[in-house]
Amino acid sequence: MPRQFPPEFRQRALRLLAESRENHGSEYEAIKQVSSRLGISPESLRRWQRQAEVDTGARPGMTSEEHAEIRRLRREDAELRRGDEILKRAAAVFAAEVDRPTP
């Protein structure tokens, strides 16, 4: 499972990347240097940076808030489906009781 970093750490990493971008010839060099200083994967830092650009509107894509809302709605949908299945089974049991002849 991927390691989870706190939001404060991610923000700090993005600030360091923005500050060091001026001192490097390319964005990739800056990402490599900052990620090695922080002990994280360059790909993680690159993905955080891209997501931050999406969140601020500088890049097209789905924002973090939209991702969170979709996850919440999927969990809610799964819970409702489980509830519906339970109600269907209960209705079948009660229907069988009603249809059973009484002695």
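The values are calculated or read from the model by the stated rules, or taken from the named source; none is laboratory data. Predicted model only: the values in this text are computed from it and were never measured. Positions of Cβ are generated from backbone atoms using ideal geometry, with glycine treated the same way; all protein chains shown enter the neighbour counts. Heavy atoms of the whole protein, side chains included, go into the accessibility calculation; ligands, DNA and RNA do not. Shrake-Rupley method; radii C 1.70, N 1.55, O 1.52, S 1.80 Å.
Values as computed for the structure displayed
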{"read-out": "222 nm mean residue ellipticity, helices alone, for the chain (DSSP H n ≥ 4; -39,500 (n - 2.57); rounded to 500)", "value": "-25500 deg cm²/dmol"}
{"read-out": "Förster radius 30 Å - calculated FRET efficiency between residue 38 and residue 71 (Cβ-Cβ, nearest 0.05)", "value": "0.65"}
{"read-out": "Extension gain from residue 78 to residue 4, taking 0.36 nm per residue of separation minus the Cα-Cα distance", "value": "24.1 nm"}
{"read-out": "Lys, Arg +1 and Asp, Glu -1 on Cβ, resulting dipole of the chain about Cα centre, debye, nearest 20", "value": "360"}
{"read-out": "Distance (nanometres) between label positions extended 7 Å along Cα→Cβ at residue 23 and residue 11", "value": "2.3"}
{"read-out": "For the range 13-55, with +1 on Lys and Arg beta carbons and -1 on Asp and Glu, the positive-most of 14, 28, 42 along the dipole", "value": "42"}
{"read-out": "Length released on extending from residue 58 to residue 97, taking residue separation times 0.36 nm less the Cα-Cα span", "value": "7.8 nm"}
{"read-out": "The chain - percent of accessible surface contributed by carbon and sulfur, probe 1.4 Å", "value": "54"}
{"read-out": "Å² of accessible area per residue within the chain, as computed with a 1.4 Å probe and no ligands counted", "value": "82"}
{"read-out": "Length-normalised contact order for the range 1-99 - Cα pairs under 8 Å, 6+ apart - percent", "value": "14"}
